[in-house]
Every structure is written in structure tokens, then in C-alpha cells.
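I have placed the structure first, in the form of C-alpha cells, so that the comments after it can refer back to it.
Just so it is clear, none of the values below were taken in a lab; they were calculated from the coordinates. No experiment lies behind these values; they were computed from the predicted model shown. Cβ sites come from the backbone with ideal geometry, for glycine too, and all protein chains shown count toward neighbours.
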Amino acid sequence: MENQSSEQFDTIIVGGGLAGLAAAYTLASAGMEVLVLERGDYCGAKNVTGGRMYVNPIRDLFPDLWSKAPLERHIAHEEICIIDKKRSITVRYDGSELNEEPYQSYSILRGKFDKWLAKQAERKGAMLVSKSRVDDLIIEHGQVLGVMAGGEELRANVVIACDGALSFTAQKAGLQKPVQSKNFAVGFKEIIEIDRDVLENRFNLEGNEGAARLFMGDVTAGKFGGGFLYTNQASLSLGIVVGIDALTHEPEIKAPELMDSFKQRPEIARLIKGGETVEYSAHVIPEGGLKAMGQLYGDGILVAGDAAGFSMNIGVTVRGMEYALASGYYAAQAVIQAKEKNDFTKSGLSIYEKLLNDSFVLKDFKNFKESLEVLEYPQLFTHYPELAGNIMKDLYEVPAGPKPRLYPTIKQYLSMKEIWSMVQVGRRMMKI
Amino acid sequence: MSEVMGLKAKLGLDVFKEDSEFHIKIKEGQARDIRLKKAILVCPAGLYSEKENGEVVISVDGCLECGTCLIACGAEVLEWHYPSGGSGVQFRFG
């Protein structure tokens, strides 16, 4: 890069992931001068998803994008599988609503999607520099004035920190809360290529239908978390998300070993049979929600996407990408409004939080602020999967002799103590 | 039951570009710190191990840059940066 210290951008965006690219696309569409700095070889090179994006909340923010977006398959079949050591129980949900356009969610590969979104932002006029790591912020009298990257000083009216869950940029601006491991999970996954016809037959998929499967219980050795499987066009995304704190607690199991046992479960082994693993990736997920969130803006700086802590686990859905795209969009709107008043101080940028408050982003985080504490309940991942499995075994079992009556069979599992504890769990769940 | 693919082989599928320096280092004098033991459990790439003398060591090749070790162990025991621009893991699928 040439020395551009004389040049002043409207906005410098740190990180070309979904939040950064959404902001760049929106700002460039409004004619603003935007520079995106991406440390990978290309946008997407450092980015990982479990595998599914929900489009409804963000469809109208980017009306022109969706028809050509490189998404994998629309999810038409949902399954959740409760796994005990020797058995599992699966609930499957199919519905015509999942198979009607516009589809609510798609499986997605970020390598493909982010590269494409970067191209769309460039077409609108955003300037994108890859292989460029931001090392520091330029801060004068408390006002962020730009970034240092590769020894270059790059200046802008506003910096948007979209550098992911660790966000060293937000940290340097003093906007982050101290990092607590209880607020983070780690996800790791394999991409398993599989013949397209085999995949469609195996998962009963018609045309571009896709399947999503979640697994909880023994898959994480009873630790807070779960497994996931999504069907892409000709591959599977198979992985595990587990709380970082939970991983350090008993029983001591190394993260990669969880993945190995997961793949060996008969429920999984038959689904990936004949497939070939082509990539192994990992990513941290900020799950602390509203309570763990730092400040979203400061003098000359905004924080969006994972960097702001915008991802959420409410059990059956784990979401982050919609919040990243939406917060990037609203950050751009905030910059546009700040420019009209030529006020890039904290007060000039405060409109960002107002926009987020009025949108699904912060409304969701307020509604679900208790969900992490509620779900981080060991019995949900150990005792209940085992209990459910045992009840199913006894219900279905036909012994050599006479079969016991059903009511006493089930009742033996449901002591007063058990029922009382279920009521307590129910009460916890009411907070979600 | 399918064969278990070794972690080394699995990481060998990823595209890595070498950096001029190690982007994660155990801070001097901290190798025996108890917090580092967590890294052995949490690292999805299994890069941390414990030597017989109780010191934890990291082999940074194969790092997926997730940051789990930093979150679990803390910045007091780990010096942690992203690799310089254009190096480190380059996900093709992500």
C-alpha cells in the first residue's frame, strides 16, 4: 500500500466479515469513501460459521442482494436429537412454511459467501485491501482518528470495529468489558464432501431442500453445548459448539476428542459414510448476550458484529450472522447521519445505539438476556437425555416374559423429587 | 465404526501460510502456570501439551486462530496476536 496518510476516508472498517462488508456495502451505496482492511488473503479466509443463516430479519436491509447470493440449500427439514450414551431420541419438524418462498433460512459456507459479498461492496465503490492486519488505533484527545496497519497511518472520520469475537480494536478503544470465559463458546467443524445424489437420498431432500440437525446430550459429554449438521450443496457441515468454561470442567475431555466420538456415534457415522473431510475449522462464539456487551460506540468508533458480542444461543437456534449483517448496516446508517451533522464524536454517533434499539438486534438481546444462564444447566445435557432414553427403552421393550404395565414403568422414573426438579427447570425456562 | 482421522491429518487439509514469527507465545516464566493447563483441553487443534517437567508448550503450526486459548487462559500467561496480514490459516469453505 502507498502511504495514504494524507488521504482521509469517511470510514475505515476493520475486518471484512459480514458486519464489515454489510457496513461497507451500505456506505459505498450512499457514495461514501470506505476502506475495508481484511487480514486474510480474501474476505472469508478467517471466517467460520456453523452453517445456517436466517434471512427474514435482514431481507429488507439489503433488498438487492438475496436473489444472487451464493447460499447453499434452504432448510426445509429440522431435527433435534437428544443423545444418551447408548440411545437417542429424535424429533423431526417438517412444515410447508419451511418450503415456501421466501425461505426463512439457508445453509451457508462463508468462504464462498463473504468473497461474493466483498465483490458486491467493491462494485458499489468500497475499497478493499486484503492481507492487511490492523495493529493499532490512532487516538488523539480520546477521539479515534484512524488505524495503523502494516506501519501505515490510515485516517478516517469513523472507524468501525468488525474484527470478530476477540475484537482487539474495541479493546484498544476501551469499549470492551473484561473478557470472561463463561461468556464464550467455541465451535469446531469439518466440511465433509459427499456426492450430491448420495446426500439428497440420505437426507430425503428434493431439489434444493436442505436439512438441519442439532444434537444435545452425550455429544458434548454432558457439557453445555451441542452438535450440529447442515447439508450444503454437495457437502455437510458437521461440528460441535461447547462452552469454553464447560470444557475445562470435569469430565476432562479434549475438544478434538469430542469431535472424534461425535463422528463415531452410529447416528452420525451413517450420515457421513463415504464422505471426505476437506477442511477443519474453529471459531469462538460470544454468547454472553446483553450482560457481557461492552459499549457499542465511542468518539470516532463504532463496534459491530461478533466484535460487539452480537451472537445468541437460545437452544434450538444459535444465531450471529443476521446480527452481524444488521449491525453493520445500522453502523453505516449512523455514520451517514453523523456526516450530515459533521459530528463524529460519541454524541454524534450515539444514533447507532438508537437504531439498534429500534431494530430486532437489541430487541432480541433484551428479550433473551437470561437465556445463557437458563440453558447453562448441567442436568439438561446429562440427566434428562438419560432419563428420556430410559423411558423410551422401557416403553418399546418387549421382554421374553410378560410386559410390565406402562404406568408403573414410567412412574418409577418420575418420583416426586424428579417431578419437583422438572417444575424447577420449567420455571427457569420461563425466563427465555 | 469409521476410522478416526488423526488431528494432524485433519489440520493437514487446511491451507496455512507461514508467518515470520509465532503469533502465540507463552509468556516468560509462565509455562508452569495452572491456567495454561486449560489450553490443553480447549484448543480445537490440540496445539498445547504438557512436558514431563510440568511445563506447557505450544506448537503454533496448525493454529485455527479461534482465540479459545486466550479466552480460557487469559492475557497474563499468553502473548496473543493474529498472524500478520496474509499469513496463517486461510479457510476455503469456512
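Straight-distance candidates among the aspartates and glutamates for linking to B:K27, with alpha-carbon spacing under 13 Å and chain neighbours fewer than 8 residues away dropped: B:E55, B:E76, B:E79.
All other residues with a Cβ under 15 Å from the Cβ of A:V284 taken together, and with Lys, Arg as +1 and Asp, Glu as -1, what is their net charge?
Details: positive: A:K46, A:R110, A:K182, A:K189, B:K38; negative: A:D163, A:D245, A:E287, A:D306, B:E65.
With Lys, Arg at +1 and Asp, Glu at -1, the neighbours total 0.
Against chain A, whose longest principal axis comes from its Cα atoms, helix A:383-396 is set at around 40 degrees. Applying a DSSP loop filter and a limit of 13 other Cβ atoms within 10 Å to the GluC sites (Glu not before Pro) in the range A:64-165 leaves A:E100. Our note on the geometry: Cα centres of the range B:41-55 and the range A:73-145, 31 Å apart.
Across peptide A:36-47, how many C-beta atoms of other chains are within 10 Å of each residue C-beta, on average? All intermediate terms of the calculation are to be shown ahead of the outcome.
Numbers: counts 0, 1, 2, 8, 12, 8, 4, 0, 5, 9, 10, 2.
Shielding by partners across A:36-47 averages 5.
Here the contact order of chain A, divided by its residue count and restricted to Cα pairs under 8 Å and six or more residues apart, works out to 20 percent. Between A:K411 and A:S67, the modelled label-to-label distance comes to 6.5 nm, taking each label 7 Å out from Cα in the direction of the beta carbon.
For the listed peptides A:234-240, A:81-87, a ranking on the average number of other beta carbons within 10 Å per residue, highest first, reads A:234-240, A:81-87. With 23 Å as the limit on Cα-Cα distance, the pairs of A:K189/A:K431; A:K182/A:K263; A:K131/B:K17; A:K131/A:K254 that go past it are A:K189/A:K431; A:K182/A:K263; A:K131/A:K254.
Counting only other chain Cβ atoms within 10 Å of each residue's Cβ, the peptide B:36-43 averages 5.
Please give the contour-minus-distance gain from A:K366 to A:Q337: 0.36 nm per residue of separation, less the Cα-Cα distance, rounded to one decimal in nm.
Details: separation 29, 0.36 × 29 = 10.44 nm, distance 2.52 nm.
Using 0.36 nm per residue and subtracting the Cα-Cα distance, I get 7.9 nm.
If you count, for every residue in A:247-259, the Cβ atoms of partner chains within 10 Å of its Cβ, what is the mean? Shielding by partners across A:247-259 averages 4. Is the shape of chain B rounded, prolate or oblate, going by the alpha carbon gyration tensor and its root eigenvalues a ≥ b ≥ c, with a/c under 1.5 for rounded and a/b larger than b/c for prolate? Oblate, because a/c is 1.5 or more while a/b does not exceed b/c. Summary value for the range A:6-94: 19 percent relative contact order, contacts being C-alpha pairs under 8 angstrom separated by 6+ residues. The angle between the Cα long axis of helix A:321-341 and the longest principal axis of the Cα atoms of chain A comes to about 20 degrees, rounded to the nearest 10. Highest average first, the peptides A:204-217, A:389-402 ordered by how many other beta carbon atoms sit within 10 Å of their residues are A:204-217, A:389-402.
Sort A:27-34, A:159-166 for me by packing, meaning the mean count of neighbouring Cβ atoms within 10 Å per residue, highest on top. Kindly include the intermediate steps, with their values, before the conclusion.
Details: A:27-34: 21.1, A:159-166: 29.9.
Peptide ranking by packing, descending: A:159-166, A:27-34.
For the range A:284-402, the number of Lys pairs with C-alpha atoms closer than 27 Å, counting only pairs eight or more positions apart or on separate chains, is 15.
Could you tell me the calculated FRET efficiency between A:E257 and B:V60, based on Cβ-Cβ distance and R0 = 22 angstrom, to the nearest 0.05? Don't skip to the end; give the middle numbers.
Values: r = 21 Å, r/R0 = 0.95.
Efficiency, from the Cβ-Cβ distance: 0.60.
Counting DSSP beta bridges with both partners in the protein assembly as shown, what percentage is antiparallel, nearest 5?
On the way: 63 of 88 bridges.
Here the share of antiparallel DSSP bridges comes out near 70 percent.
Relative to the dominant Cα principal axis of chain A, helix A:416-429 is inclined by about 20°.
If R0 equals 56 Å, the separation of the Cβ atoms of A:E206 and B:A75 corresponds to a calculated FRET efficiency of about 0.65.
According to a simple spin-label model (label point 7 Å from Cα along Cα-to-Cβ), what is the distance in nm between B:E28 and A:E101? My value for the distance between the label points is 6.5 nm.
So what is the relative contact order of the range A:236-311, in percent, for Cα pairs below 8 Å that sit 6 or more residues apart?
Numbers: 33 pairs, mean separation 15.8, N = 76.
Value for the range A:236-311: 21 percent.
The label point for A:R270 and the one for A:M430, both projected 7 Å from the Cα toward the Cβ, are 4.1 nm apart. Taking each residue as 0.36 nm, the span from A:E7 to A:E79 lengthens on full extension beyond its C-alpha to C-alpha distance by 20.6 nm.
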